[in-house]
Amino acid sequence: MTSSQLLEVFQEAGRVVNVEVVYDRVTDRSRGFAFVTMGSIEEANEAIRMFDGSQVGGRTVKVNFPEVPRGGEREVMGPKIRSSNRGFVDSPHKIYAGNLGWGLTSQGLRDAFADQPGLLSTKVIYDRNSGRSRGFGFISFESAEAVESALNAMNGVEVEGRPLRLNLAAERASSPPPVQSNAESSPEGSELASSITA
DNA sequence: CTTGAGCGC
């Protein structure tokens with residue numbers, strides 16, 4: 001598969017800025033994948049929608065956004081992360097966001113939530129060893145009301161072509177989990193105990 | 001090993 005053939009195929013999805021087939025340095029053979037730069041996110045999404053899993057040149061191809069390079073968003077964003085990740089403003093009012101695209105950074109998350117009142121901070125979680133996004137993150141807010149309204153407004157909204165899966169974030173276990181061992185401490189405890197023995 | 005449920009260092 002040559003780059004001009006790829007160009008022809010991907011132009012059906014929109015404006016193709018660049019096509020780069022990756023060749024093996026020593027054997028000079030194609031490594032079987034390529035990078036196609038589309039004119040916009042929308043056109044990239046369209047290309048993915050149209051061609052991912054389809055037959056191109058007699059083979060089933062995978063088409064998606066490129067993997068985040070090792071080092072995670074540091075390499076993607078450079079010094080700009082100051083405002084997002086390193087200075088993540090924590091708060092008890094947090095949203096857990098899942099189903100994030102691999103290429104979405106903390107800054108990208110911030111952009112998506114920019115219109116939400118009371119927004120404090122966003123953070124995408126990266127694997128320490130591989131440097132790749134783990135596909136989820138957190139969004140902190142000033143108040144419980146702000147979390148509530150942002151969750152309602154943004155849940156299911158598509159970011160990078162994937163619907164956000166939003167939930168109230170679980171408490172971060174800073175101290176040992178409050179496990180009550182005896183039934184007396186809870187009014188429901190006696191009911192629970194009696195239902196077991198019954 | 002390109003991976004899709006999950007709760008961060």
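If the condition is being more than 9 Å from DNA strand B (Cβ to nearest atom) and free of Cβ contacts under 8 Å to residues at least 12 places away in the same chain, then the range A:120-131 contributes only A:129.
Residues in the range A:132-159 that are more than 11 Å from DNA strand B (Cβ to nearest atom) and either among the polar types (S, T, N, Q) or in contact with a helix residue (DSSP H, G or I) (Cβ under 7 Å, 6 or more places away or on another chain) (or both): A:141, A:143, A:149, A:150, A:152, A:154, A:155.
Checking every residue in the range A:100-119 against the condition of being more than 18 Å from the chain's Cα centre (by Cα), within 12 Å of DNA strand B (Cβ to nearest atom) and modelled with pLDDT of 85 or more gives zero matches.
The values are calculated or read from the model by the stated rules, or taken from the named source; none is laboratory data. This one's a predicted model, so the numbers in the text were calculated from it and none came from an experiment. Cβ: placed from backbone, ideal geometry, glycine included. Neighbour counts: every protein chain shown.
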